[in-house]
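Novice: Structure provided below as structure tokens; questions to follow.
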Amino acid sequence: MKKFLAVVAILSLVFSPVTPAFAANYTTTEAGHWNDAATWGGTGSQYPHAGDTATIQNNVFVRDGATAAAASAALNGTNGMIWVSAGSGNTLTCDLTDDATVGGQRIQLNAGTALTMVGNINFQSGHAILLTGGGEGATFNFGKAGSTYTLTANIWGNTTDSIVEFLGGADVITTSGVSLKEMNINAGTVSFDGGNITATTVKFEDDGTLSLASGHSITGNVNNTSLTPKGTLTLAGGTQSVSGTVGAGHALSVINAGADSSASTFSGAVNASALNVTGDGTVTLNASSTIGTTSVHNGGALQLQNNSTVTGSASLTLNGTGISSGGALRNISDSNIWSGNITLGDHSRINSDAGTLTLSDGTISGAGKNLTVGGSGGIAIGDVIGTTTGTLTKDGSGTVTLSNANNTYTGTTTITAGTLSVGV
């Protein structure tokens, strides 16, 4: 098993805040191997062991044999801590090329420091990673493709300047939450099986994936730093939300939400190449958004409210009548607009509970598919209805207005309730 620690500036590492009986303090006097006493200005076995305090002023390397065992003991020490002290440019790299467990209390990074850990690592304890930030901030990097990091504790930091980076295609599974300024995702998959994300910004820097398990949410913005659409955001189920904007500036690649029996809400504007309502749940858009290809699974619903306008370069595909026949596309309240093409992948329903839903700047297509429009609110259809032999049925107490004189559908038109106004 190979393990490597390289420190390129003044750093402090503290293993176990509970000081053992024979704990010692060591300070490097030259660059060298961890278990070489000369590195610490000593002789024999005079080098840091688990429970000792080491102040690093030179590069220190942890490699094979006894050195690796000593490092392992330190990392696995009860209530152990890795503490990187404050200072501009301080950097610690921990290269754990085999599996390792970081037990004990926490890994703490203070202002101006950065820690990169490589390998398959299982973090255990209360605050697995504590980023104190302050001034220039602190950065924690998960850094190797093919590695798996499992966290059973929180990543907790100063929300003004602390950063966690998921780099190089590493997969991260955490059963706890994150609270910090910024979380950056490169390639790989970051799965939150438990806990929420609180961050000013979650950034996709490559085509990675962020997946939140049922019932967990994001407080903050989700962005893509690339000029082309990148990043996949998956909300897996339950009641979930994103409080900020999504894809501001540059679009995300894909958003998957609305799993079976779930309710996903996006409070801010959404900019994405694709939005998929993946099951019989709901996805609610509360702000004007730009979305490319959008699809609604049979039994699911895409819901609009808060005077939102949704535009897109491609089409919205509806399948079915929504939840309890409430509409696969549903206007919850207020005056909202869907601007773009709509394709009926199956016989489908569009409803307006209250307010007015406007369908404009496109065509409603789907050869032979029947469209039902209803609800207590209003629906203004400026689109051409071009479903060939498909039928149009109006129900509910609201008013539906067909304002386009170029409709081409040839199926029957049926009014069972409310008002259907044509040519207005």
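Novice: Tell me, what is the percent relative contact order of region 293-377, built from C-alpha pairs under 8 Å that lie six or more residues apart?
Specialist: On the way: 246 pairs, mean separation 23.5, N = 85.
This gives 28 percent for region 293-377.
Novice: What shape does region 217-278 take by its C-alpha gyration tensor, where a ≥ b ≥ c are the square roots of the eigenvalues and a/c under 1.5 counts as rounded, a/b above b/c as prolate, and the rest as oblate? Before the final figure, lay out each step's value.
Specialist: Numbers: a/c = 2.56, a/b = 1.54, b/c = 1.66.
Taking the square roots of the gyration eigenvalues as a ≥ b ≥ c, region 217-278 is oblate.
Novice: Beyond 21 Å, what share of the Cα-Cα pairs of region 261-369 remains, rounded to the nearest whole percent? Show your work: numbers first, answer last.
Specialist: Details: 1355 of 5886 pairs.
Every Cα pair in region 261-369 considered, those over 21 Å come to 23 percent.
Novice: Local charge sum around THR228 (other residues, Cβ-Cβ under 13 Å, Lys/Arg +1, Asp/Glu -1)? Could the numbers behind the result be given before it?
Specialist: On the way: positive: LYS230; negative: GLU205, ASP206, ASP207.
Here the charged neighbours net out to -2.
Novice: Now a separate question. Quick check: residue separation of THR311 and THR389 times 0.36 nm, minus the Cα distance between them. What number comes out in nm? It would help to have the intermediate numbers written out before the result.
Specialist: Values: separation 78, 0.36 × 78 = 28.08 nm, distance 2.76 nm.
Working it through step by step, the gained length comes to 25.3 nm.
Here, each number is a calculation from the coordinates, and none is a lab measurement. Because the structure is predicted, anything quoted here is derived from the model rather than measured. So basically every Cβ, Gly included, is an ideal-geometry build from the backbone, and we count neighbours across all protein chains shown.
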